[in-house]
Amino acid sequence: MATLKDTLEARGRDLRESVTNAGFTVSLLLQSLRLFFVDLRHRRRFILDQLAVCGISPLPVVCVVGLFTGMLLALQIGMELSRLGQSEAISNMIGLILFREMGPFMTAMILTASVGSAMAAELGTMRVSEEIDALECMSINTTSFLVMPRIVAMTIMTPLLTFIGCILGCVGGGLVANTQLSVSPAVYTRNLLASLQAEPNQLGPLPEEIYTGLIKAAIFGALIATISCATGLKASGGAIGVGRAVRSAVVRCFLMLIIIGYYISWIFFR
Amino acid sequence: MIRLQDVHKSFGDTHVLRGVNLELTQGETLVILGRSGTGKSVTLKHIVGLMKPDSGHIFVDGIDVTSASNEQLQTVRQRVAYLFQTGALVNWLSVRDNVALPLAEQRKLSSAEIRERVEESLQSLSMLEAADRMPSQISGGMRKRAALARVLVAQPKAILYDEPTAGLDPVMARTVSHLIRDVQSSGDRMALVVTHDLELAFSVATRIGLHYKGELIELAPPDVFKQSKHPVIRAFLDGQSDLGEEGLNQ
Ligand SMILES: Nc1ncnc2c1ncn2[C@@H]1O[C@H](COP(=O)(O)OP(=O)(O)O)[C@@H](O)[C@H]1O
Ligand SMILES: [Mg+2]
């Protein structure tokens with residue numbers, strides 16, 4: 001009986017901790033939103049620094065992954081389509097899959113692993129080495145100083161990287177379509193734009209299909225930064241604690257991305 | 001004035017502070033000695049409201065830190081500065097930007113005034129040559145001095161020094177203790193120094209206490225403290241570890 005009671009107590013503690021963490025994460029996001037309007041002028045430099053960190057370092061990976069995802073999709077879908085004699089429809093599918101789902105999700109995964117984990121490690125290290133305490137002692141608002149610039153930068157950079165990744169995916173798909181399925185680039189491009197409901201030669205605002213994916217990516221970006229910062233700020237217990245924080249930040253981000261991603265799609269496309 | 005009244009604090013099963021009482025008045029430099037892990041840092045963290053006591057009260061200039069509003073806590077933190085053991089510099093800002101941080105974040109002074117006060121503060125600790133380096137590029141002693149410059153630039157009324165000489169070589173330790181003495185004599189600041197470095201303690205203290213088993217035993221001027229008959233104090237001063245250890249395990 002004693003062991004059952006212990007187990008239940010431990011589960012109860014875990015549950016309470018999860019709820020507390022979730023509450024802390026949400027309040028961090030809301031506070032950052034408020035501070036964005038209050039402190040934007042003072043934080044311009046930090047936001048620019050973070051934009052560079054979030055945008056430039058993951059760019060090569062996003063490009064390579066985007067290109068090969070497009071090629072992979074073209075290969076798999078192309079084989080099925082050519083069996084049905086519908087090879088030319090390939091770009092309709094690739095564009096939609098990439099811009100609606102794969103692009104935002106793939107980019108968010110890469111950013112979680114590269115930028116989110118680094119944010120959790122940075123803030124976790126600052127927490128365990130008393131730097132956060134020192135900032136608080138100087139009456140510096142750590143949410144405005146550390147968290148808000150990171151959330152803003154990720155919210156801006158994730159859609160941008162998603163867009164680049166998707167474009168490269170379409171290029172990769174086009175390469176495979178041309179070499180393996182002998183679909184001409186002209187046909188490929190025409191079908192691609194048509195599927196995204198874009199006028200040919202459209203230069204104005206982006207078509208709706210692309211917007212929804214980019215909005216999704218922006219939400220993903222905010223999510224990754226908020227979860228990573230919240231987890232880092234709660235780190236305790238030296239280097240081991242920082243490692244633990246990084247791991248749980250990555251796991252929490254992946255879980256929330258897939259769950260929230262589903263519901264965003266449900267809202268847009270049902 | 002800083003006053004701690006019967007402060008208790010536990011972490012889980014470990015009862016770290018068991019009724020700490022102390023009073024610090026203008027111009028005083030109080031040194032708290034004690035073995036590591038006895039709760040000296042925890043005591044300091046209570047004074048600036050980084051930790052909340054389980055029971056007891058902490059007053060800073062009449063403000064009860066335990067029940068202070070956010071604004072009151074800011075006032076307390078403007079008057080009482082904390083020099084962290086590791087320095088706790090922000091590692092992605094240069095030394096100069098670190099020192100400017102408290103003033104820049106207060107957003108009260110113009111950038112010219114801030115620059116002037118930062119230069120002055122760095123100058124007084126002979127840190128001007130290293131001003132543009134990053135915290136990771138300077139030695140431990142320099143990091144301590146940079147952190148002290150960051151504390152002094154905000155012109156606090158009281159400074160809490162957490163093991164200011166720990167991890168420094170003897171020469172640097174002596175330099176730092178001279179610095180503290182200079183800082184203390186150049187104004188009627190209060191200081192609370194936490195350390196196990198006896199040389200530092202006797203060179204800066206106006207009163208010395210020993211943190212033992214969650215309480216402050218003996219709180220007396222250095223010469224009286226040195227003559228104390230209390231067995232634990234004798235053991236600490238004579239560097240006998242066994243009695244202290246036994247005491248801790250009781
Ligand atoms: N945030 C904390 N959570 C749990 N235990 C803590 C915390 N801070 C300090 N302690 C414990 O309190 C005791 C005193 O710590 P501390 O004040 O840092 O000692 P020192 O006298 O060396 O400065 C230690 O046993 C430490 O493990
Ligand atoms: Mg300590």
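The values are calculated or read from the model by the stated rules, or taken from the named source; none is laboratory data. Keep in mind that this is a model prediction, so the values were computed, not measured. Positions of Cβ are backbone-derived with ideal geometry, glycine not excepted, and every protein chain shown enters the neighbour counts. When the accessible area is computed, the model is the full protein with side chains, heavy atoms only, and any ligands, DNA or RNA have been set aside. Shrake-Rupley method; radii C 1.70, N 1.55, O 1.52, S 1.80 Å.
Step by step: first the residues of the range B:29-40, then only those that are at pLDDT 90 or above and either within 8 Å of ligand 2 (Cβ to nearest atom) or farther than 21 Å from B:S228 by Cα (or both), then the one that is surrounded by the most Cβ atoms within 10 Å (Cβ to Cβ). Which residue is that?
The residue in question is B:G39.
Among the residues of the range B:41-69 satisfying the criterion of being more than 14 Å from chain A (Cβ to nearest Cβ), within 16 Å of ligand 1 (Cβ to nearest atom) and outside any strand (DSSP E or B), which is most open to solvent (accessible area, probe 1.4 Å)?
Ranking the qualifying residues of the range B:41-69, first place goes to B:D54.
Looking only at the range B:71-90, which residues are open to solvent by 30 Å² or more (accessible area, probe 1.4 Å) and at pLDDT 90 or above? Steps first, please.
In the first step, residues of the range B:71-90 are kept if they are open to solvent by 30 Å² or more (accessible area, probe 1.4 Å); the result is B:71-72, B:74-75, B:77-79, B:85-86.
The answer is B:E71, B:Q72, B:Q74, B:T75, B:R77, B:Q78, B:R79.
Among the numbered conditions (1) of a type outside the set (F, W, Y); (2) touching a residue at least 40 places away in the same chain (Cβ under 8 Å); (3) away from every other protein chain (no Cβ under 13 Å), tell me where B:N91 comes up short.
Going through (1) of a type outside the set (F, W, Y); (2) touching a residue at least 40 places away in the same chain (Cβ under 8 Å); (3) away from every other protein chain (no Cβ under 13 Å) one by one, B:N91 breaks only (3).
So which residues in the range B:101-131 are farther than 26 Å from B:A166 by Cβ, within 11 Å of chain A (Cβ to nearest Cβ) and surrounded by 20 or more Cβ atoms within 10 Å (Cβ to Cβ)?
Listed by number, the list holds a single entry, B:L103.
Between B:L24, B:L17, which is more than 16 Å from ligand 1 (Cβ to nearest atom) and open to solvent by less than 30 Å² (accessible area, probe 1.4 Å)? Even if it seems obvious, please write down each step before you answer.
Values: B:L17 fails: more than 16 Å from ligand 1 (Cβ to nearest atom).
Exactly one residue qualifies, and that residue is B:L24.
Select from the range B:137-151 the residues that are open to solvent by 10 Å² or more (accessible area, probe 1.4 Å) and within 12 Å of another protein chain (Cβ to nearest Cβ) and write down the one among them that is farthest from ligand 2 (Cβ to nearest atom).
The qualifying residue farthest from ligand 2 (Cβ to nearest atom) is B:R150.
Restricting attention to helices (runs of 4 or more DSSP H) lying wholly within the range A:116-217, give those where 1 or more residues are away from chain B (no Cβ under 14 Å).
Values: elements: A:117-128, A:131-137, A:148-180, A:185-195.
Hits in the range A:116-217: A:117-128, A:148-180, A:185-195.
Please verify whether the range A:83-100 includes one or more residues that are charged (D, E, K, R), surrounded by 19 or more Cβ atoms within 10 Å (Cβ to Cβ), in contact with a helix residue (DSSP H, G or I) (Cβ under 8 Å, 6 or more places away or on another chain) and over 22 Å from A:V152 (Cα atoms).
Filtering the range A:83-100 down to residues charged (D, E, K, R) leaves A:83, A:88, A:100.
Then keep just the ones that are surrounded by 19 or more Cβ atoms within 10 Å (Cβ to Cβ); that gives A:100.
Right, trim to in contact with a helix residue (DSSP H, G or I) (Cβ under 8 Å, 6 or more places away or on another chain) and you get A:100.
The next check asks that each one be over 22 Å from A:V152 (Cα atoms); those that pass are A:100.
Checked against the condition, which is being charged (D, E, K, R), surrounded by 19 or more Cβ atoms within 10 Å (Cβ to Cβ), in contact with a helix residue (DSSP H, G or I) (Cβ under 8 Å, 6 or more places away or on another chain) and over 22 Å from A:V152 (Cα atoms), the range A:83-100 yields at least one hit.
Going by what's in this entry, would A:A235 be described as in a loop (DSSP other than H, G, I, E, B), closer than 30 Å to A:E131 by Cβ and not acidic (D, E)?
For A:A235, the condition - in a loop (DSSP other than H, G, I, E, B), closer than 30 Å to A:E131 by Cβ and not acidic (D, E) - is met.
Name the pairs: first residue in the range B:26-37 and among the hydroxyl-bearing types (S, T, Y), second residue within 16 Å of ligand 2 (Cβ to nearest atom) and open to solvent by 10 Å² or more (accessible area, probe 1.4 Å), Cβ to Cβ under 8 Å, at least 6 apart or on different chains?
Listed pairs, sorted by first residue: B:S36/B:H196.
Whether any residue in the range B:9-23 is under 21 Å from B:L200 (Cα atoms), within 19 Å of the chain's Cα centre (by Cα), touching a residue at least 60 places away in the same chain (Cβ under 8 Å) and away from ligand 2 (no atom under 16 Å from the Cβ) is what I want to check.
Step one: filter the range B:9-23 for residues under 21 Å from B:L200 (Cα atoms), giving B:22-23.
If we keep only those that are within 19 Å of the chain's Cα centre (by Cα) as well, we get B:22-23.
Filter once more, so that each one left must be touching a residue at least 60 places away in the same chain (Cβ under 8 Å): B:22.
Remaining after also requiring away from ligand 2 (no atom under 16 Å from the Cβ): B:22.
Looking for residues that are under 21 Å from B:L200 (Cα atoms), within 19 Å of the chain's Cα centre (by Cα), touching a residue at least 60 places away in the same chain (Cβ under 8 Å) and away from ligand 2 (no atom under 16 Å from the Cβ), one finds at least one in the range B:9-23, hence yes.
Does A:L192 satisfy being open to solvent by less than 50 Å² (accessible area, probe 1.4 Å), in contact with an Asp or Glu (Cβ under 9 Å, 6 or more places away or on another chain) and more than 18 Å from A:R127 (Cβ to Cβ)? So that I can check it myself, show each step before the final result.
On the way: open to solvent by less than 50 Å² (accessible area, probe 1.4 Å): yes; in contact with an Asp or Glu (Cβ under 9 Å, 6 or more places away or on another chain): no; more than 18 Å from A:R127 (Cβ to Cβ): yes.
No, not satisfied.
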